[in-house]
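Structure first, then comments.
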Amino acid sequence: MIEIFKTNVNSKRQSGRILKMLKRIFPNASFIFDLEDCDKILRVDHIESIQIATIKNEIINLGFVCEILED
């Protein structure tokens, strides 16, 4: 399953910090930032059940905007 989030992450340094944290919490999921997209997309690919609220809250706690994009 793929979840897509809109963020305000602007740099590879910022995204690297977030990806490192998310991979530690969810080691079986795949995370990819698309910083060239106007919405600074974070794609999360996972097989197991994953806590969407946890991802969102962890990113917000780091000082960034994070919203799930609905279909």
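Read-outs throughout are calculated quantities, based only on the coordinates presented, and are distinct from any laboratory measurement. Since the model is a prediction, treat every value here as computed from it, not as a measurement. Don't worry about glycine lacking a Cβ; one is built from the backbone with ideal geometry, like all the others, and counts go over all protein chains shown.
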Subject >> Packing-based exposure ordering (other Cβ within 10 Å, fewest first) of THR7, THR54 >> reply: THR54, THR7
**OP:** Report the net charge of residues surrounding LYS20, where surrounding means a beta-carbon distance below 14 angstrom and charges are Lys +1, Arg +1, Asp -1, Glu -1.
**Re:** +4
Original post:
³J(HN,Hα) across segment 41-52 via Karplus (A = 6.51, B = -1.76, C = 1.60, θ = phi - 60°), whole Hz, x for Gly/Pro?
Top reply: 5, 10, 9, 10, 10, 8, 9, 7, 4, 10, 8, 4
Subject >> In Hz, Karplus ³J(HN,Hα) per residue of segment 8-22 (6.51, -1.76, 1.60; θ = phi - 60°; x = Gly, Pro) >> reply: 10, 6, 10, 10, 5, 4, 5, 5, x, 4, 5, 4, 4, 5, 5
Original post:
Which net charge results when you count Lys and Arg as +1 and Asp and Glu as -1 among the other residues whose beta-carbon is under 12 Å from that of GLU70?
Top reply: -2
**OP:** Give, as a single signed number, the net charge of other residues whose beta carbon lies under 10 Å from the beta carbon of ILE32, with Lys and Arg counted +1 and Asp and Glu -1.
**Re:** -1
